[in-house]
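What follows is calculated from the coordinates using simple rules that are stated; it is not laboratory data. These numbers come from a predicted model, not from an experiment. Backbone-built Cβ (ideal geometry, glycine too); neighbour counts: all protein chains shown.
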Amino acid sequence: MTYISPYAVAAAIALASDARAFVPPPGGVSRGGRLAPTTTTTTTTARNMATFPDSASDILWTPSWKTGDRDLVVGPLGKYCEDLYSVSRRKTRTVTCGPIKFGSDHPIVRQTMATTDTANVDASIEQIIRCADKGFDLVRITVQGKREANAAAKIREGLFKRGYTIPLCADMHFQPVVAQLVADAVEKIRINPGNFADGRKDFDEKVYESEDEYVKEREYLVEAMLPLVRKCKDLGRCMRIGTNHGSLSSRVLSYYGDTPRGMVESAIEFADICRSQDYHNFVFSMKASNPLVMVQSYRLLASEMYRLDWDYPLHLGVTEAGEGEDGRMKSAVGIGTILADGLGDTVRVSLTEDPEYEYEPCNRLSEMAESRLASMNPDAAARQSAVRTYVDTRDITAYARRVGDHPTRRDGEKVDASLFLNPNGSMMSAVRPFMLSKDSAPYLYKELGFKTAVGMPFKDIATSDSIFMRTLPSSDDVDARSALRRMMEVGTGVIVPADELERNPLENAVALVSLADAVATNGKLPAGAIRLAVEIDGSEDDATIAKVKDLDPLMVSICISDGLSQLHASRRVFEIFKANGITVPAIHHYRTNASDSNELALELGTRVGSLLVDGNGDGILIEQVGESVNFSVDFLRNAGFSLLQGCRMRNTKTEFVSCPSCGRTLFDLQETTAQIQEATGHLPGVTVAIMGCIVNGPGEMADADFGYVGTLPGKVDLYYGKEVVRKNVPNEDAVDSLVNLIKSYGMWKDKEEEAVEEEVPIAA
Ligand code: SF4
């Protein structure tokens, strides 16, 4: 028999009776959790516990991956998604969460997390109602202890009374007993395998000599989990086994390392406990703040589920993504990529913003995913099937970037073409002739990220490497030509379609030629051009694409034609490159008519990020198309650099990892994040984590260099790596203290002041 402490039983009864927990008023629900005319009720069933294992030794564990037993028993790792060549949703079971359902037979569930103090029942109810009214299907609340568990029951009751049946999920860390209590009151429990049973993570190294030693420690996991699993099963609650890269248990870290494999194995262990009780009403998540780790972990888990014949739904999210366009971009890179694989049944976009603001990106990513499904959208199906046949050989178990050969300067060249690209990822900006006028050129230099000295531009850390001009200023426009020449002299490539160069030559330009034309002319350059760039639109046959090798261009521009799936057609190009040993740098030319900056961030993250996270691509060119020009050159340049940074290619600014905040947060996270960004945002290569609480913060900071973590009301601890180096710093001194800390570790540089320059005539 399972032992449940008298305290737990008494408290659960008190909790349930106090809140008359979980008795929704008559009536069903519509989207957003409001009452609708039909009736939905929740029933519980009695069950004979004795028929299910009570101890670790009785559980049928999934065979070990590490020893190779899994391969022997269920065969080698195989596919990770339903179809590599067409977006098809992975078939998943239906998991019921109060009035909503997760799984491939249902729409993607949009969810968020409250940021209020859960103990503040009224404020929490109001915020959850705002989230439900926005359209969210589910809201998570943090539950630190019994006080919050009781509050959760009151929140549930208060929502019912207001006519809201939107389900609630209790976010649990470290508190198995409280998790059982709150299961009375909410529809879903999220547990973190990294800390649910392991207690506070101490980062101590444990060394396991053998698999036997490692599995022996499962006994205490089982002890902690069984009562909750049984209760969830009896009450019809659902569960999320929510693994986080940054908070793996020291046990898992020691045995598997800080790896996607460790995340997956940790989740499988907890799933085995659920399955041992014939409890299957759960979903998995594999979150990380690094989108590459996140993508690899979800794919690996999906792949394991295929070979184990498991069909549990996936909850997708990138943790601590931050805020604004960067937060949306990073989320889109991770979530958008996995959704494009046909994986994912529920989405949460974690932003350091009020939860209502998460709805739009969450909903748009879900909509984009649904619109890409071949089964639901004939246009998408046509674009996917129009891609020529290829064999996808990507290895989802390891990240390896295909790095294009960096160009070198050739003898006799008047400009240095080696500077036209950056080996860590190139950013190219589209420029129009009017921007080069005498009055506009100084602004253009700034927008392209140049520094200037006496009116002359020079490249800086985040300057566009090259520019793309569909049309050139006429040859007698002295000012514009002079501005172009100045940029070229400091190593900026000017890429221009060859037919435009034929009409309007430009010395030292890079001629952009379609692959078909380049093959037909054997790479002949227009007069004045020094290098060739080849444009591939994805319609070319394999043999033609293989000819890129003979043409030896500076770069290829991948600009997939509208009738083809960009994702699949681009993957095909990279497969042909791989098969033919083509190592030319490949730039994604992304054309957009987006008019909203957040939408653009989601588009870039999803459409281009999903290629870069596979290591496919050496940079990006963003071009606005359509009637209106919606974004400045500066905005698009920053968006491009954010994408490269989000895909872990090129760092041009400080990397911030900021938690989305929740009921545990001990300071104003949005305001503090803004202050820290202002003070330290100019330090490329430095990662700063801003975490609202000590409970979860240190564990979830992952690989940050410095951490700013709330410890007590009004106090923070500062970390260097995983070590606390300044304790209980008053909030008002903490930002300065963080700056001093960065200085003391030699990672600081002063901000460059904007020089006020006299206007210098542009014409040389
Ligand atoms: S780190 Fe932030 S989001 Fe995570 S539990 Fe703490 S306050 Fe909440």
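Before moving on, here are some points about what is shown:
- Hydrodynamic radius of segment 46-147 per Kirkwood, over alpha carbon pairs, in Å: 18.6
- Cα gyration tensor of segment 655-744 - equivalent ellipsoid semi-axes, whole Å, descending: 17, 13, 13
- Theoretical FRET efficiency, 1/(1+(r/R0)^6), r = Cβ-Cβ of Glu723 and Glu623, R0 45 Å, to 0.05: 0.45
- Separation of the Arg432 and Thr521 label points, Cα + 7 Å toward Cβ, nm: 2.7
- In terms of overall dimensions, the C-alpha atoms belonging to segment 607-764 reach 57, 44, 29 Å along their principal axes, ordered largest to smallest.
- Length available on full extension from Ser475 to Met747: 0.36 nm per residue minus the Cα-Cα distance, which gives 93.2 nm.
- Normalised contact order of the chain, rounded percent, pairs of Cα under 8 Å and 6 or more residues apart: 12
- Here's how it looks for Lys715: its modeled amide H is under 5 Å from those of Asn731, which are all 5 or more places away or on a different chain.
- Between Val139, Gly581, Val95, the Cα set farthest toward the positive side of the dipole of the chain (charges on each charged residue's Cβ, about the Cα centre) is that of Val95.
- Alpha carbon centroid spacing (whole Å) that separates segment 533-578 from segment 146-175: 53
- D_trans [Stokes-Einstein, Kirkwood Rh over alpha-carbon pairs] for segment 387-474, 37 °C, 0.692 mPa s, µm² s⁻¹: 203
- Computed magnitude of the charge dipole of segment 642-696 (debye, nearest 20; Cβ of K, R +1, Cβ of D, E -1): 260
- Relative contact order, percent, segment 262-320 [alpha-carbon distance under 8 Å, six or more residues apart]: 43
- Qualifying GluC sites (Glu not before Pro) for segment 421-524 [loop in DSSP, other Cβ within 10 Å: at most 15]: Glu507
- Of all DSSP beta bridges in the chain, antiparallel share, percent nearest 5: 25
- Close amide H pairs (under 5 Å, H built 1.01 Å from N) link Asp416 with Gly491, residues at least 5 positions away or on another chain.
- The alpha carbons of segment 175-268 stretch over 41, 23, 21 Å along the principal axes, in descending order.
- Selected from Leu567, Gly640, Ala679, residue furthest toward positive end of dipole (segment 556-704; charges at beta carbon): Leu567
- Taking Tyr306, Tyr399, Tyr255 and counting other C-beta atoms within 10 Å, the order from fewest to most: Tyr399, Tyr306, Tyr255
- Taken about its Cα centre, segment 449-559 carries a charge dipole of about 460 debye when Lys and Arg each add +1 at the Cβ and Asp and Glu each add -1 at the Cβ.
- Using θ = phi - 60° and Karplus 6.51 cos²θ - 1.76 cosθ + 1.60, couplings along segment 350-360 (whole Hz; Gly, Pro as x): 8, 10, 7, 8, 4, x, 4, 6, 6, 5, 4
- Across Lys438/Lys459; Lys101/Lys330; Lys414/Lys653; Lys146/Lys233; Lys188/Lys715; Lys715/Lys743, pairs whose alpha-carbon gap is larger than 25 Å: Lys101/Lys330; Lys414/Lys653; Lys188/Lys715
- Mean separation of Cα contacts under 8 Å, 6 or more apart, over the residue count of segment 85-175: relative contact order %: 26
- Magnitude of the charge dipole, segment 608-764, Cβ model with Lys/Arg +1 and Asp/Glu -1, debye to 20: 840
- Spin-label model, His106/Met456: points 7 Å from Cα along the beta carbon direction are separated by 6.6 nm.
- Fraction of C-alpha pairs exceeding 18 angstrom in segment 471-585: 53 percent, rounded to a whole number.
- Counting only DSSP H runs of at least 4 residues, each contributing -39500 (n - 2.57), and dividing by the residue count of the chain, the helix-based mean residue ellipticity at 222 nm comes to -10000 deg cm²/dmol.
- You can think of it this way: the chain between Thr408 and Glu213 has 64.8 nm of extra reach, that is 0.36 nm per residue less the Cα-Cα gap.
- Overall form of segment 417-646 per C-alpha gyration tensor (a/c, 1.5; a/b vs b/c): oblate
- Cβ crowding within 10 Å averaged over residues, with 648-654, 575-581 ranked highest first: 648-654, 575-581
- log10 of Debye I(q)/I(0), alpha-carbon scatterers only, for segment 264-363 at 0.13 Å⁻¹: -0.46
- Global dimensions of the chain from alpha-carbon coordinates: Rg and Dmax equal 27.8, 91 Å.
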